[in-house]
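Reading through the C-alpha cells given below for one structure.
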Amino acid sequence: MRTTIILKTASNYLLPVLLLFSIFILLRGHYLPGGGFVGGLIASIAFILHSFANGLKKTKDILLMHPGFLIPFGLSISFLSGLAPVALFDLPFMTGLWSHDPVAILGNIGSALFFDIGVYFVVVGVTLTIIFTISESA
Amino acid sequence: MEILLAIMIGVLYAAGIYMMLRRSLVKLIIGIILLGNGANLLIFFLGRITKGAPPIIPGDAKVFSEAFADPVPQALILTAIVISFGLQSFAIVLVKRAHTVVRTDDLDEMNATDEDS
Amino acid sequence: MLTAILTGFLFSIFLVFAGKFFKGKLSILSSLIPLGLFIYFFQFIIPVSNGEVIMRSYEWIPSFGVDLGFKLDGLSLLFTLLITGIGFLVFFYTSSYLKGHEYLDRFYGYLASFMGAMLGLVLSDNMITLFVFWELTSISSFFLIGFNNRSAASRKSAMTALGITGIGGLLLLAGALLLNNITGTYSISEMLSMSEAIRGNEYYIAVVLLIFGAAFTKSAQFPFHFWLPGAMKAPTPVSTYLHSATMVKAGVYLLMRFTPVLGGENFWNTSLMIIGGITMLYSAIHTIFRTDLKGILAYSTISALGILVFLTGLGTREAFLAAAVFIIVHALYKATLFLVTGIIDHQTHTRNVTKLAGLNKVMLPVGIAGILAAISSAGIPPTIGFVGKELTYEASLHSETLVILLMIAIVLTKIFLLYAGFVAGIKPFTGKLPEEHTNVKMPDFVLWTPPLLLALLGLVFGVAPFIIDSPIIKPVVEAMGADASEVHLALWHGFNMVFILSLITIGVGIALYFVVKPSEKLETAVARFESISPESILEKFNRIFVSISNFWTDFFQNGYLRNYISIIILFLVVLIGYIMFGNTRFVIDYHSLSRITVYEITATLILIAGIFYTVFTQSRLAAVVAMGVVGLAICLIFIFYSAPDLAMTQFSIDTLTVILFVLVLYKLPKYLKLSDYKTRLRDGILSSIFGLLIATLALQVIAEPVNKDIGNFYAQNAYLEAHGKNVVNVILVDFRGADTLIEISVLSIAAVGVFGLMKLRLKMADRKRYEDR
C-alpha cells in the first residue's frame, strides 16, 4: 500500500498516544463519559491506523500475538470479575466488590472496573480480528 | 425539535427499507445499517430527549439534584451500536464470500436454497 | 412414593448404558422391578382399606402452585396394583417372547418408562403433574406401538395413536388451566371441597367437555376409538399391558377421579351414558366381523371401556361398585387372552382365528388359561366375571330412567362380548387340530405361567369374592364419593331378575358362538363401510391439511428476500395503520416541544442529505461515504441531547464501518441497475408509507406520559450502591453486567464467524460445482 511519509512517521507516534488515551477513557468510564466499549474502539482505531501506514505485518509484530487471543482473555477477565464475589465472599454472581479507600485518579477500585477492562480487551480483540482478517483476504 | 427528530427517524426507516428491497447485495447491507441507525434513534427519541443534562452525577454530589437524561435508553443504544457493528461486519463478509463463490451481486440469482434447484 | 414412580424412569436410563449387557440372559431379572413395586404398594392395602389416604408432596414450581403432589387412595391403589402386578407378568413374559430380539433392551426401556409414567398418572394429586405423566404415557405408547419401526403400517399406527391421545392431552391441559382459573388451585383434593362452586360456575360445561375430550381419546371411546385397533401393531406384551389392562383405562380413571368433583350433574351423567353406550354396543358388534385374534380383542377392549364409561355415567353407588369390580375382571381376563394370543402367534405364526383349532393337544396349560379367561369374560359362574356382570346388570336395572333401553343395550353388549371371548379363548383350543399345526411345540414355561396365573386368579376371586371386597373394592367406591359401608361381594345373589338376564345372555351368546363362525367373507363385507368411518374421515382431513400447508409454504417461502420483506412491511403497515387511524387522536402539543435551534436544523439537513445521497448515488464508494456522514449527523444529535457516551461510541463505530466497507467494497462489482422503474416506484411508495407510519407513531408515543421509574432507580443508586457517577456506564458494567457479559460473548461469536468465513477454504469438489453453473 502506498502511503505518505508524513502519515507513516506520525502514526508511529500516534499509536502510543492513542493507546494511552484509550486507557484513560477506559479508566475514567465510571465517573465521566467513557468506558470499556469506547476505550476498546479507540485502541482498535489506533492499531488500524498504524497498519494502514506501516502495513499489516508490522502492526502484527507490535501486537506479538494474533488479536483473536485477546477475546478469550477479555472474556475470562469479565467472567472472573463476576465470579469473584461467588468464590471469595459467597455472594451472588456479579455482586459489586469495592475497596474501602479511594485510589488517586481512579476513585474506588472495584470488581466493575475489572469487568470493564475485560470488555475493553474483548472489543479490541473482536474489532482487530474482523478488520485484519478482511484486509488480509481482500 | 421533536418533529424534526421524528422526520429523521421516518426518513431513516424509509431509506433502510427501500435499500433492503433492492436486488443488489451491497445495497442490502447499506439498508440494514440505515435501518439500525433509525432504530437506535427511535429508542433514543422514545426515551424522551433532554438538553444539556447528561446522566452523570456532578462533582461532589452523591445523587442527582437536577433533571437528567434517562440513562436506560442510552445504555440500550450503546450496546446496540456495538452489536450492530458485529452484525454489519459479519454481513459484509458473508456478502463477500457469497460473491466469490456464486459470482453474482444479484440476490434473485441466489434464491435457490436447495441443491436441486 | 416419588422413588417408586421414578424407578421406572431410572431403570430405562440405566438401560441406555447397560442395555448391551442386559440383552443376554439377564433380561428376566428386570421383572424384579415391577415385582418389588407391587410388593411395595401391596403393603398399603391395610392402611387404605381402613380409610387412610396417604399424601406425599414435594415442591416443584411453588410460584405457579405446581408441586409433585401424590395421593394414594383406594382408586389409585387399585390402579397401582394393576400396573405393577400385570407389569410384573408382562416383563417376565417378554423375556421369553422377544428372546434374542435385536432391541430387547430398548423395549424394556420403553416398558419401564411407561410403567413409571402410568404410576405417576394414577398417583398425581396435582393437575399439572397429572398432565405431564399423561403425556408421558402417550409418548411411551407411541414408541411401543412403533417398535417395529421398519414396518410402515406400524409407524402409521403409532402416529395416529400419538395424534389422537396427544390432542386429548392438550384438552386435559386446557381443562386443568380452566379449573385452576375457577378454583385457584391445581390440587385435585382441594377441588373436591369446591365441587359446588365448580358445578355452579358458568364454565362448568366447558371444563366437563375438556375433561371428556381427554378421557375419550385416551380410553378410545366413539368416535375416537380407531387408534386402538391400529395400536395392535405393537408386540403382544404391549397390547396386553398398555392397550387393554392399564393405559387405556387412564381415561376411565380420569372420569372416576373427577366424578366427585364434576359429577352428579345431568349433563355429566347423560353424556357419559350415551357415549359409553354407543361405544360398548358398536364395538361389541364389530367383533363378529374380525378374524384377527388381536383385532377381536381390540374391539372387545373398546367395548369394555365403553361399559366402564357407561357405569361411571350411571352415577349410583351400585354402578361405581360394578365399575370397580369390572376393572379387575377385565384386566384379568383380557390380559390373559392377549397373552394367550401372543403365545399362539409365537408358536404357530398366525393369528387368523379361522385357521386355529385344537391347540390344547399341544399346549394344554395355555388352553386352560384361555378357556378360563373366556368363561370369565362370558360371565359364567364361578368366575369373577360372573360377579362383575351381575353387578353391572343390577346397576342398570336400578337406573332411574330408560331402564328397558339401557338393559337391552347392556345385555346385547354382553352377548357379543361373550361371543368375542369364546372366539378368542375357546375356539383355538377346541375341535380338530389342523395338519399344518401338528408339529407346533409346547411353549416355554416363562410364556405360559403368566396367563395361567391370571386366569386362576379370576377363578379364585370368583369363588371367594370376599378376598377383594373390603380391602380393595370398598376404598375405590369411597374414593368416587359414594357411601361404601354396605359393600359385600358374593357369587350367589339369589334367583332374581338379574339372574334370569344372566341366563339369557349366556344362552344366546353360546348359541351365537355356534351359529356365527368368524370368516373372511364377513370381514370384507364390512370393509365397504370403511369410507365413512371416523378413521378415514380423519385421514382425508389430514391429506387436505397437508396440501393446504404445502401451498401456503410455497406461496410465502418463495426464496426471494425482498418478497419476504415486502410482505412483512405491508402487513405491519396495514395493521398499525388500521389501529392508529381507528384509535388515535393525532394531537401534538406544541408547547411541550423543545425549541428548534439553528444547530439542530443543520444536523437534520446534513442527515437527510446524506441519506438521499446514499440511496440515489450510482457509486458505491460515494454511498459508503454518505453513510458515514449520516452516522456523524446522528452523532451530533447524541451530543445535543445529553448522550456523550453514545456520541463517542457512534463516532468510533462509524469510522470502523467506513473502513470495513472500503476494505471489502473494492473487491465487489459495481452497482447494477437490476430493477425497472415500476418496481422501484412501488418499493419507494411502500417504504415511504412505512417511514411516515413510524414517524407518526413515534410522535403519538411521546404525546403520552412516560414512566421513568427504572431510569430514576438506576440514577439514584448509581453512586450509593455502585460507586460510579456515569450512570450509563454503571448500568452497563454493574447493574446489568450479566447482559453485557452476554453481549461481549455475542461479539466474540461474530468475530469467530468472520474469521472462519474468510479463512474457510472450500473443498475442491464444492468449488468446482459452483464454477460449473
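For B:Ile43, indicate whether it is farther than 26 Å from A:Val124 by Cα and outside any loop (DSSP other than H, G, I, E, B). Lay out the reasoning, then the answer.
Numbers: farther than 26 Å from A:Val124 by Cα: yes; outside any loop (DSSP other than H, G, I, E, B): yes.
So B:Ile43 fits the description; yes.
Quick test of your reading of the structure: C:Leu453 fulfils all but one of (1) surrounded by fewer than 20 Cβ atoms within 10 Å (Cβ to Cβ); (2) part of a helix (DSSP H, G or I); (3) over 34 Å from the mean Cα position of the chain (by Cα). Name the failing condition by number.
Condition (3) is where C:Leu453 drops out.
Just for the range B:84-100: of the residues that are among the aliphatic types (A, V, I, L, M) and out of contact with any helix residue (DSSP H, G or I) (no Cβ under 6 Å at 6 or more places or on another chain), which one is farthest from the other protein chains (Cβ to nearest Cβ)? Spell out how you get there, then give the answer.
Initially, the range B:84-100 is screened for residues among the aliphatic types (A, V, I, L, M), giving B:87, B:91-95, B:98.
Among the residues that remain, those that are also out of contact with any helix residue (DSSP H, G or I) (no Cβ under 6 Å at 6 or more places or on another chain) are: B:87, B:94, B:98.
Working: B:Leu87: 7, B:Leu94: 6, B:Ala98: 10 Å.
Step by step, filter the range B:84-100, then rank; the result is B:Ala98.
Among the residues of the range B:60-106, count how many are among the aromatic types (Phe, Trp, Tyr), closer than 16 Å to C:Asp645 by Cα and in a helix (DSSP H, G or I).
Step one: list which residues in the range B:60-106 are among the aromatic types (Phe, Trp, Tyr), which gives B:64, B:68, B:85, B:90.
Now narrow it down to the ones that are closer than 16 Å to C:Asp645 by Cα: B:68.
From what's left, in a helix (DSSP H, G or I): none.
Total meeting the criteria: 0.
From the list C:Gly295, C:Gly277, C:Gly306, which residue is out of contact with any strand residue (DSSP E or B) (no Cβ under 7 Å at 6 or more places or on another chain), closer than 17 Å to C:Tyr393 by Cβ, modelled with pLDDT of 85 or more and surrounded by fewer than 24 Cβ atoms within 10 Å (Cβ to Cβ)? Reasoning before the result, please.
Numbers: C:Gly295 fails: closer than 17 Å to C:Tyr393 by Cβ; C:Gly306 fails: surrounded by fewer than 24 Cβ atoms within 10 Å (Cβ to Cβ).
It is C:Gly277.
Quick one: B:Ile32 ticks every box in (1) at the interface with chain C (Cβ under 8 Å from one of its Cβ atoms); (2) surrounded by fewer than 23 Cβ atoms within 10 Å (Cβ to Cβ) bar one, so which box is it?
Only one criterion in (1) at the interface with chain C (Cβ under 8 Å from one of its Cβ atoms); (2) surrounded by fewer than 23 Cβ atoms within 10 Å (Cβ to Cβ) is unmet by B:Ile32, namely (1).
Here is a yes/no grid of residues against (1) at pLDDT below 90; (2) crowded, with 24+ Cβ neighbours inside 10 Å:
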position: C:Trp60; (1), (2): yes, no
position: C:Gly69; (1), (2): yes, yes
position: C:His101; (1), (2): yes, no
position: C:Tyr108; (1), (2): yes, yes
position: C:Ala117; (1), (2): no, yes
position: C:Leu121; (1), (2): no, yes
position: C:Arg155; (1), (2): yes, no
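Output the residues belonging to the range C:682-727 that are more than 7 Å from chain B (Cβ to nearest Cβ) and acidic (Asp, Glu). Outline the logic, then answer.
Step one: of the range C:682-727, the residues more than 7 Å from chain B (Cβ to nearest Cβ) are C:682, C:685-686, C:689, C:693, C:696-697, C:700, C:703-705, C:707, C:709, C:712-713, C:717, C:721-724.
C:Glu704, C:Asp709, C:Glu721 - these are the residues of the range C:682-727 that are more than 7 Å from chain B (Cβ to nearest Cβ) and acidic (Asp, Glu).
Tell me whether the range C:728-746 contains one or more residues that are farther than 30 Å from A:Ile42 by Cα and either out of contact with any helix residue (DSSP H, G or I) (no Cβ under 7 Å at 6 or more places or on another chain) or more than 9 Å from chain B (Cβ to nearest Cβ) (or both). Spell out how you get there, then give the answer.
Taking the range C:728-746 as the starting set, the residues that turn out to be farther than 30 Å from A:Ile42 by Cα are none.
There is no residue in the range C:728-746 that is farther than 30 Å from A:Ile42 by Cα and either out of contact with any helix residue (DSSP H, G or I) (no Cβ under 7 Å at 6 or more places or on another chain) or more than 9 Å from chain B (Cβ to nearest Cβ) (or both).
Has the range C:307-314 got at least one residue that is free of Cβ contacts under 8 Å to residues at least 60 places away in the same chain, under 26 Å from the mean Cα position of the chain (by Cα) and more than 26 Å from C:Pro235 (Cα to Cα)?
Yes, some residue in the range C:307-314 is free of Cβ contacts under 8 Å to residues at least 60 places away in the same chain, under 26 Å from the mean Cα position of the chain (by Cα) and more than 26 Å from C:Pro235 (Cα to Cα).
Output the helices (runs of 4 or more DSSP H) that fall wholly within the range C:700-762 and possess 2 or more residues being among the acidic types (Asp, Glu), within 42 Å of the chain's Cα centre (by Cα) and not assigned by TED's automatic domain parsing to the domain that holds C:Pro644, or say none. Outline the logic, then answer.
Details: elements: C:709-722, C:727-730, C:737-759.
Fully inside the range C:700-762 and qualifying: C:737-759.
Look through the range C:591-612, keep the residues that are at pLDDT below 85 and at the interface with another protein chain (Cβ under 9 Å from one of its Cβ atoms), and return whichever of them is nearest to C:Ala698 (Cα to Cα). If you could, list the steps in order and put the result at the bottom.
Keep residues of the range C:591-612 that are at pLDDT below 85, which gives C:591-597.
So of that shortlist, the ones also at the interface with another protein chain (Cβ under 9 Å from one of its Cβ atoms) come out as C:592-597.
Details: C:Ser592: 15, C:Leu593: 14, C:Ser594: 16, C:Arg595: 18, C:Ile596: 18, C:Thr597: 21 Å.
Step by step, filter the range C:591-612, then rank; the result is C:Leu593.
Results for (1) within 13 Å of another protein chain (Cβ to nearest Cβ); (2) of a type in the set (A, V, I, L, M, F, W, C); (3) in contact with a His (Cβ under 9 Å, 6 or more places away or on another chain), shown as yes or no for each residue.
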{"site": "A:Leu20", "(1), (2), (3)": "no, yes, no"}
{"site": "A:Pro33", "(1), (2), (3)": "yes, no, no"}
{"site": "A:Gly40", "(1), (2), (3)": "yes, no, no"}
{"site": "A:Ala46", "(1), (2), (3)": "yes, yes, no"}
{"site": "A:Ile62", "(1), (2), (3)": "no, yes, yes"}
{"site": "A:Phe79", "(1), (2), (3)": "yes, yes, no"}
{"site": "A:Asp90", "(1), (2), (3)": "no, no, no"}
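Looking at the range C:193-222, which of its residues are outside any helix (DSSP H, G or I) and under 19 Å from C:Thr137 (Cα atoms)?
Going through the range C:193-222, the residues outside any helix (DSSP H, G or I) turn out to be C:193-194, C:201-203, C:219-222.
C:Ser219, C:Ala220, C:Gln221, listed by residue number.
Please state which of the following conditions B:Arg48 fails to meet, knowing it meets all the rest: (1) of a type in the set (Lys, Arg); (2) closer than 30 Å to C:Asp676 by Cβ; (3) in contact (Cβ under 8 Å) with a residue 12 or more places away in the chain.
Answer for B:Arg48: the failing condition is (2).
Looking at C:Val630, C:Val615, which one is part of a helix (DSSP H, G or I) and at pLDDT 90 or above? Walk me through it before giving the result.
Details: C:Val615 fails: at pLDDT 90 or above.
Of C:Val630, C:Val615, the one residue that is part of a helix (DSSP H, G or I) and at pLDDT 90 or above is C:Val630.
When you look at B:Ile57, is it in contact with a strand residue (DSSP E or B) (Cβ under 9 Å, 6 or more places away or on another chain), facing chain C (nearest Cβ under 7 Å) and among the hydrophobic types (A, V, I, L, M, F, W, C), yes or no? If you could, list the steps in order and put the result at the bottom.
Values: in contact with a strand residue (DSSP E or B) (Cβ under 9 Å, 6 or more places away or on another chain): yes; facing chain C (nearest Cβ under 7 Å): yes; among the hydrophobic types (A, V, I, L, M, F, W, C): yes.
Against the criterion (in contact with a strand residue (DSSP E or B) (Cβ under 9 Å, 6 or more places away or on another chain), facing chain C (nearest Cβ under 7 Å) and among the hydrophobic types (A, V, I, L, M, F, W, C)), B:Ile57 qualifies.
Which of the residues that make up the range C:420-440 are within 12 Å of C:Val340 (Cα to Cα) and β-branched (Val, Ile, Thr)?
Selection gives C:Ile426 alone.
How many residues are touching a residue at least 24 places away in the same chain (Cβ under 8 Å), within 21 Å of B:Lys27 (Cβ to Cβ) and within 11 Å of chain A (Cβ to nearest Cβ) if we restrict to the range C:614-656?
Number of matching residues: 1.
When you go through B:Gly38, B:Gly10 one by one, which is the residue that is buried (at least 23 other Cβ atoms within 10 Å of the Cβ), more than 7 Å from every other protein chain (Cβ to nearest Cβ) and part of a helix (DSSP H, G or I)? Talk me through it step by step, then tell me what you get.
Details: B:Gly10 fails: more than 7 Å from every other protein chain (Cβ to nearest Cβ).
The match here is B:Gly38.
Out of curiosity, is B:Thr50 at the interface with chain C (Cβ under 7 Å from one of its Cβ atoms), assigned to a loop (DSSP other than H, G, I, E, B), among the polar types (S, T, N, Q) and surrounded by fewer than 23 Cβ atoms within 10 Å (Cβ to Cβ)?
Details: at the interface with chain C (Cβ under 7 Å from one of its Cβ atoms): yes; assigned to a loop (DSSP other than H, G, I, E, B): yes; among the polar types (S, T, N, Q): yes; surrounded by fewer than 23 Cβ atoms within 10 Å (Cβ to Cβ): yes.
When the stated conditions are applied, B:Thr50 passes them.
Looking for whichever is touching a residue at least 24 places away in the same chain (Cβ under 8 Å), within 30 Å of C:Ile343 (Cβ to Cβ) and among the aromatic types (Phe, Trp, Tyr) here; the options are C:Trp268, C:Trp227. Which one fits? It would help to see each step written out before you state the result.
Values: C:Trp268 fails: within 30 Å of C:Ile343 (Cβ to Cβ).
Just a single option satisfies the conditions, and that option is C:Trp227.
Looking only at residues that are touching a residue at least 12 places away in the same chain (Cβ under 8 Å) and within 7 Å of chain C (Cβ to nearest Cβ) in the range B:60-83, which one is farthest from B:Leu34 (Cα to Cα)?
Initially, the range B:60-83 is screened for residues touching a residue at least 12 places away in the same chain (Cβ under 8 Å), giving B:66-74, B:76-77, B:80-81.
Narrowing the set further to residues that are within 7 Å of chain C (Cβ to nearest Cβ) leaves B:68-72, B:74, B:77, B:81.
Values: B:Phe68: 29, B:Ala69: 25, B:Asp70: 24, B:Pro71: 24, B:Val72: 23, B:Gln74: 19, B:Ile77: 15, B:Ile81: 12 Å.
So the residue we want is B:Phe68.
The values are calculated or read from the model by the stated rules, or taken from the named source; none is laboratory data. Computed from a prediction, not measured in an experiment: that's the story for all the values here. For neighbour counting, all protein chains shown are included, and Cβ atoms are generated from backbone atoms with ideal geometry for every residue, glycine included.
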